[in-house]
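Since the structure comes first, as C-alpha cells, the remarks are kept for the end.
Taken together, the values in this text are just the output of simple stated rules run on the coordinates, not laboratory data. Since the structure is predicted, the reported quantities are computational estimates derived from the model, not experimental observations. With ideal geometry, Cβ positions are generated from the backbone for all residues, glycine too; neighbour counts draw on all protein chains shown.
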Amino acid sequence: MTGKTIEVTCKCCPDKFIARVADRKRGWAQFCSKSCAAYWKQYGRRRGHQSLEMRQAAIDRNSIERLQRENHVSDTSRGFVYVGGFGPWDDHKDC
C-alpha cells in the first residue's frame, strides 16, 4: 500500500485491518472483507461475536469446501472423449 495507513476496526466484526487514510476520508475501508460488507448491507447490523475457536473452525470448513469444489471442477479425467467424431450425433458417419 502507498500512502499513510492506520489500523481500523471493522464496522461489522471485531477484526482489525490496515486501511489507507485517504480511503477512510472518502468513506471507504469500513469493513475487513467483502463478506462483512455484504452482511452489513443485507442486515444493517454487526455480526454476532463468535469465539476464536468457532471462527477458525468456520474458516477451515470454508477452505475445505472451496478446495473440494475447485478439485471437482478441475478434474478433466471425468469428461467424455470422442475419438473420430464430434459426439454421439456424429457416430453414423464413417471416418
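Some notes on this structure:
- Considering only the Cα atoms of the range 1-40, their convex hull presents on average a projected area of 2.6 nm².
- Packing, taken as the mean count of other beta carbons within 10 Å per residue, orders the peptides 39-47, 14-22 from highest to lowest as 14-22, 39-47.
- Whole-Hz ³J(HN,Hα) from phi, Karplus 6.51 cos²θ - 1.76 cosθ + 1.60, for the range 27-37, glycine and proline x: x, 8, 6, 9, 10, 7, 8, 5, 5, 5, 4
- Label-to-label distance, Arg24 versus Asp60, with points set 7 angstrom from Cα along the beta-carbon direction: 3.4 nm.
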